[in-house]
Amino acid sequence: MGTTIHSSPASADRTGAVNAPARESVLILGASSSIARWTAHAFARRGYDLILAGRDDDDLARLASDVRVRHNMGAETLHFDALSVSSQATAFGDAVRLAGGAEHLAGVVLAFGLLGDQRRAAHDSELAGYLVDVNFTAAVRVLTVASDHFESRGRGFIVAVGSVAGDRGRQSNYVYGAAKAGLAVFMQGLRHRLAPMGITVLTVKPGFVDTQMTFGHPGLFLVAPPSAVGEQIARAVEEQRSVLYVPAFWRIVMLIIRLLPQRIFHRTRL
Amino acid sequence: MIGSEKLVARGLGRSYGDAAVVRHGRTVLTERLDRFLQFDARTGVLECEAGVTINALIDHFLPLGFFPSVVPGTKHVTLGGAIAADVHGKNHHVAGAFSRHVRSFRLLTASGAELECSRANNADLFWATIGGMGLTGIITDVRLTLSPVPSPYVSVRYERASNIDDALELFHADDHRYAFSVAWIDCLSRGGSLGRAVLMRGDFAPNELLTARQRHDGSRRSPTPRLSVPGSAPQFVLATPLMRAFNAGYYHSHPGAPRTKVLSYEPFFFPLDKIRNWNRLYGRRGFLQYQCVLPSVGGREGLIRILEMISSSGSASFLAVLKRFGEGEPGQLLSFPRVGYTLALDLPNRGPEVFELLERLDALVVRFGGRVYLAKDARMRPETFRAMYPEFRTWLAIKNEVDPDWRFSSDLAVRLRLMD
């Protein structure tokens, strides 16, 4: 599936305004996810217009309405399928056009991802490859296009939602974890490349967040509301952070898990 | 609709009984269905998803000068729940129930069809859903009218009534002059003081009435509650003599002559929201809430009989409310409010004698042509329900047509044997 642009009445404001400060947009990829949704609100609250990209057009339209009513900011929707090669190639350019030109697209938040069923993925090469395609390959393709945009623009921010699962391979989620680890390394390299320009490249590593992905899973503790996570992501961008663990204590949890000697680690069911 | 399990929607779960749970079925959580879709500031008409809460409405629209047209005693309810229970507020005598301000809603029905329901379209389903306790389907979107308000403050006149007759007289004399009217009633006083009350009536305050400080504070968002009940209260707190003394103290804390105060909308509309887990004050065994309405005709006598029964049992607590309801809408079926007097009270769960008392109260309510509020009920018998809700047959015919297999059910529906 390719990319389709849905225009909204709010887009008229941008061209009609005289002497208005330059409006800037943030592109959210996978905007229907709970974390993405609240990240969108956090950016709208800070005065950004939004371009909401995803597969569920009806849901995106509702999210866009919500942003307009709550924050009085512009919100556009963009049909985007992370696994479609044409979407991967054209989404960013479409977003630039919706934003009203390269100058106006200030940042991108890559929030699509799929946890999948690890017990199946451990034995099903088809599923394992699929999870890597969604969580890693698709992200790399889109971010590669985005990186050139920000490099030539000379400022802006790139955010990708990774996972604490990428910090150490564990029997309970290593396929998903491997893809997220790859994404983290890719982001690390991108950060290195774009640092001279002052472009923020932020990897978000959520622990347990109360979303569709975790709902009903056993063994969850201290689960964070997605609204708090969205707010922290926008704040981390303002503070030009590189890696954000949410909730913050997951940095310590993962440090301990990474440092566990293998002999002990292998005796756990982590 | 996929599958064949029983379903019931649940908002924030503030019904006191078993309305939003279903054994051997699935409870459908709706709190994430909370997006605003469109707002017209000229008309006050808002279109939004049904999981939006009263709290969210106030947080967003009060700074813009709008307030929900009807609010129940807590702001922690969803709009879907407010329609399903057809909640009412302190302004029922002039503004009617919640449903009066609902233009339309979308209902996801058992067949999987999503139907637009209003007074003009699918009117049967519209009225069966209002007060229908979630049994007609899942409300997804709502269009409702918000009311413009001059400030976030309410000017309230406090007036003591030395007994129930005094209170009813005051209600009748000038209730229509106030947008909001309610009375705290002492359900433990006896004899000549039976039903003594403190009436609290008022309106949203115009800016001229506010102090400089109130004008400044008014623009802030509502704070999160600071008080919280940490654990269950010990039983002695609920002992009748202590409660009696507490009620007398509260009554006498109000001066004999009426006085007016300007206070924030929060303590006026949502006094208990200030204290998190307030229900724990009732100890580990909890409490039962009882709310009934008696029609105007014979209502005074009925109220006196009910108050006598409660007072002599010594079962009531501090929290008891008396209010006069205004006219309803002709199409209402299971909607609770009807013109007359409504009495709501908390009863600490002291064991079987409370349930026996409630049975006797039910019989009185039926005798006087009244009814009990389903959103607060957890123990009514099926026969009692049928005697109180004569429109049930009409409702059932609509229910059986839209959901012949009873995909939407709840423990309340099973307990009241609604499908028989």
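Going by the conditions given, is residue A:60 at pLDDT 95 or above and touching a Ser or Thr at 6+ places or on another chain (Cβ under 8 Å)? Here the answer is yes, as residue A:60 does meet what is asked. Within segment A:24-52, the set of residues being within 14 Å of chain B (Cβ to nearest Cβ) and polar (S, T, N, Q) comprises A:32, A:33, A:34. In segment A:164-178, the residues that are acidic (Asp, Glu) reach residues that are surrounded by fewer than 20 Cβ atoms within 10 Å (Cβ to Cβ) with C-beta atoms within less than 6 angstrom, at least six apart or across chains, in these pairs: A:167/A:254; A:167/A:258. When B:97, B:19 are screened for being within 25 Å of residue B:202 (Cα to Cα) and away from chain A (no Cβ under 14 Å), only B:97 passes.
The C-beta contact set for segment B:40-53 (first residue in the same structural domain as residue B:64 (by TED's automatic domain parsing), second residue of a type in the set (S, T, N, Q) and buried (at least 24 other Cβ atoms within 10 Å of the Cβ), distance under 8 angstrom, 6+ apart or interchain) comprises B:50/B:30; B:50/B:78; B:51/B:30; B:51/B:78; B:52/B:78; B:53/B:78.
Considering A:219, A:182, A:230, A:156, the condition of being free of Cβ contacts under 8 Å to residues at least 40 places away in the same chain and either surrounded by 16 or more Cβ atoms within 10 Å (Cβ to Cβ) or farther than 17 Å from residue A:135 by Cβ (or both) is satisfied by A:219 alone. Scan segment A:82-89 and tell me whether some residue there is within 14 Å of chain B (Cβ to nearest Cβ), buried (at least 17 other Cβ atoms within 10 Å of the Cβ) and hydroxyl-bearing (Ser, Thr, Tyr). No, the conditions are met nowhere in segment A:82-89. Summed over segment B:305-317, residues that are surrounded by 19 or more Cβ atoms within 10 Å (Cβ to Cβ) and assigned to a loop (DSSP other than H, G, I, E, B) total 3.
Do the conditions hold for residue A:55, that is, is it free of Cβ contacts under 8 Å to residues at least 60 places away in the same chain, of a type in the set (Lys, Arg) and within 14 Å of another protein chain (Cβ to nearest Cβ)? Here the answer is no, as residue A:55 does not meet what is asked.
Look at (1) without any contact (Cβ under 8 Å) to a residue 12 or more places away in the chain; (2) under 28 Å from residue B:389 (Cα atoms) and you find that residue B:169 fails only one, number (2). Filtering segment B:344-369 to residues that are out of contact with any helix residue (DSSP H, G or I) (no Cβ under 6 Å at 6 or more places or on another chain), over 14 Å from residue B:288 (Cα atoms) and in contact (Cβ under 8 Å) with a residue 60 or more places away in the chain leaves B:365, B:367, B:369. Contact annotation: residue pairs with Cβ atoms under 6 Å, 6 or more positions apart or on different chains, pairing a residue in segment B:26-37 that is within 9 Å of chain A (Cβ to nearest Cβ) with a partner that is part of a strand (DSSP E or B) and hydrophobic (A, V, I, L, M, F, W, C), are B:36/B:48; B:37/B:48. Considering segment B:229-256, and only residues there that are at pLDDT below 75 and closer than 28 Å to residue B:58 by Cβ, the residue that is surrounded by the fewest Cβ atoms within 10 Å (Cβ to Cβ) turns out to be B:230.
The residues on offer are B:387, B:363, and the sole one that is part of a helix (DSSP H, G or I) and surrounded by fewer than 16 Cβ atoms within 10 Å (Cβ to Cβ) is B:363.
Just so you know, in segment A:1-43 the residues that are β-branched (Val, Ile, Thr) and at pLDDT 50 or above include one that is surrounded by the fewest Cβ atoms within 10 Å (Cβ to Cβ), and it is A:4.
For segment B:33-90, filtering for residues that are farther than 13 Å from residue B:105 by Cα and in a helix (DSSP H, G or I) leaves 11.
Residue count for segment B:142-169 under the criterion of being within 30 Å of residue B:66 (Cα to Cα) and assigned to a helix (DSSP H, G or I): the result is 0. None of B:89, B:51 is within 14 Å of another protein chain (Cβ to nearest Cβ) and within 28 Å of residue B:410 (Cα to Cα) except B:51. Going through (1) in contact with a Lys or Arg (Cβ under 7 Å, 6 or more places away or on another chain); (2) surrounded by fewer than 19 Cβ atoms within 10 Å (Cβ to Cβ); (3) free of Cβ contacts under 8 Å to residues at least 40 places away in the same chain one by one, residue B:59 falls short only on (3).
Set side by side, the residues A:252, A:257 differ, and just one is exposed (fewer than 15 other Cβ atoms within 10 Å of the Cβ) and modelled with pLDDT under 95, which is A:252.
Of all residues assigned to segment B:257-270, none qualifies as being assigned to a loop (DSSP other than H, G, I, E, B), at pLDDT 85 or above, over 23 Å from the mean Cα position of the chain (by Cα) and β-branched (Val, Ile, Thr). Has segment B:140-157 got any residue that is closer than 30 Å to residue B:305 by Cβ and buried (at least 24 other Cβ atoms within 10 Å of the Cβ)? Within segment B:140-157 (the criterion being closer than 30 Å to residue B:305 by Cβ and buried (at least 24 other Cβ atoms within 10 Å of the Cβ)), the answer is no, since none of the residues qualifies.
The values are calculated or read from the model by the stated rules, or taken from the named source; none is laboratory data. What you are looking at is a predicted structure, and each value in this text was computed from that prediction instead of being measured. Positions of Cβ are backbone-derived with ideal geometry, glycine not excepted, and every protein chain shown enters the neighbour counts.
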